[in-house]
Amino acid sequence: MAAPVDLELKKAFVELQAKMIDTQQKVKLADLQVEQLSRMKKHANLTHAEITSLPDTTHMFEGAGRMFILQSKVEITKQLLEKQKTADEKIKELEQKKTYLERSVKDAEDNIREMLMSRRAQ
């Protein structure tokens with residue numbers, strides 16, 4: 001009777017290991033994305049801070065590939081604020097995703113612990 005229990009536990013551990021590896025990769029990816037979004041947000045914030053000191057009549061150009069497009073200060077400011085807002089929202093989503101992934105791994109570990117305890121009690 002010990003063989004079926006061992007096979008069941010072994011299967012559970014293999015599944016947990018696969019889930020842990022997958023989750024660790026997803027968490028690392030989320031961390032990289034958060035870092036990239038934070039840099040983009042900081043860049044937009046610094047650019048916005050520099051632009052606000054300029055007069056409203058200043059000609060500004062937005063880079064688009066290999067060319068530059070003439071834009072008004074108001075339009076550039078609006079785009080920078082939108083970038084910051086979008087980055088904040090995405091960072092928040094990624095943090096929630098990371099929390100969910102970590103919680104799911106912890107739940108799987110707890111389930112295996114409960115399985116081990118119930119086997120030992122028998």
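The values are calculated or read from the model by the stated rules, or taken from the named source; none is laboratory data. The structure presented is a predicted model; accordingly, all values stated were derived computationally and were not measured. Note that each Cβ is placed from the backbone with ideal geometry, even for glycine, and that neighbours are counted across all protein chains shown. Surface areas here come from the heavy atoms of the whole protein model, side chains and all, with no ligands, DNA or RNA. Shrake-Rupley method; radii C 1.70, N 1.55, O 1.52, S 1.80 Å.
Based on this model, can you work out whether Glu93 counts as part of a helix (DSSP H, G or I), more than 25 Å from Met40 (Cα to Cα), open to solvent by 100 Å² or more (accessible area, probe 1.4 Å) and free of Cβ contacts under 8 Å to residues at least 40 places away in the same chain? It would help to see each step written out before you state the result.
Numbers: part of a helix (DSSP H, G or I): yes; more than 25 Å from Met40 (Cα to Cα): no; open to solvent by 100 Å² or more (accessible area, probe 1.4 Å): yes; free of Cβ contacts under 8 Å to residues at least 40 places away in the same chain: yes.
Here the answer is no, as Glu93 does not meet what is asked.
Just name the residue that is nearest to Arg103 (Cα to Cα) out of those in the stretch 38-61 that are surrounded by fewer than 13 Cβ atoms within 10 Å (Cβ to Cβ) and within 29 Å of the chain's Cα centre (by Cα). Write out each step before concluding.
So in the stretch 38-61, the residues surrounded by fewer than 13 Cβ atoms within 10 Å (Cβ to Cβ) come out as 39, 42, 46, 49-50, 52-59, 61.
Imposing the further condition that a residue be within 29 Å of the chain's Cα centre (by Cα) reduces the set to 39, 42, 46, 49-50.
Working: Arg39: 27, Lys42: 30, Leu46: 36, Ala49: 39, Glu50: 42 Å.
Residue satisfying both the conditions and the ranking: Arg39.
Name the residues in the stretch 13-37 that are polar (S, T, N, Q) and open to solvent by 50 Å² or more (accessible area, probe 1.4 Å), would you? Full working, then the answer.
Our first condition is that a residue be polar (S, T, N, Q); within the stretch 13-37, this holds for 17, 23-25, 33, 36.
Matches in the stretch 13-37: Gln17, Gln24, Gln25, Gln33, Gln36.
Exactly one condition in (1) touching a strand residue (DSSP E or B) at 6+ places or on another chain (Cβ under 9 Å); (2) of a type in the set (D, E, K, R); (3) outside any helix (DSSP H, G or I) is false for Asp56; which is it?
Of everything listed in (1) touching a strand residue (DSSP E or B) at 6+ places or on another chain (Cβ under 9 Å); (2) of a type in the set (D, E, K, R); (3) outside any helix (DSSP H, G or I), Asp56 misses just condition (1).
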